[in-house]
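The values are calculated or read from the model by the stated rules, or taken from the named source; none is laboratory data. The structure displayed is predicted, hence computed values, not measured ones. FYI the Cβ positions are ideal-geometry reconstructions off the backbone, even for glycines, and counts take in every protein chain you see.
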Amino acid sequence: MIDKWLKKLELTDWTITLESLNNEQVVCDCPPEDCYFIGVKYDLDNKHAIIYHDRDLTEEDIVHELLHVKNPFWSEDQVNIETEKLLK
Ligand SMILES: [Zn+2]
């Protein structure tokens, strides 16, 4: 699934690593089902991105995080709008 989006977003020269976190590493007050963490850390020079997640990733999560990689200066809102558009 990631490969498909790397092609669509023209990010095929990037290396993407998925790293799962265990739940205890994420602390918050909300109910467990609403409490999760997904984030991306990327290195523009080496074209390497690590997506951290503590629940199973959905296609939407992947598109969202890859858009952050492709557009490092976009706001969270811009990324959310574009993610919705791409998944339609
Ligand atoms: Zn985001």
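Before moving on, here are some points about what is shown:
- Region 33-51, subset surrounded by 13 or more Cβ atoms within 10 Å (Cβ to Cβ), over 17 Å from residue 10 (Cα atoms) and more than 10 Å from the chain's Cα centre (by Cα), residue nearest to the ligand (Cβ to nearest atom): 37
- Residue 88 meets the stated requirement of being over 19 Å from residue 11 (Cβ atoms), at pLDDT 90 or above and away from the ligand (no atom under 14 Å from the Cβ).
- Qualifying positions in region 52-85 - more than 11 Å from the ligand (Cβ to nearest atom), hydrophobic (A, V, I, L, M, F, W, C) and within 21 Å of residue 13 (Cα to Cα): 62, 73
- Positions within region 20-37 being assigned to a strand (DSSP E or B) and at pLDDT below 90, in sequence order: none
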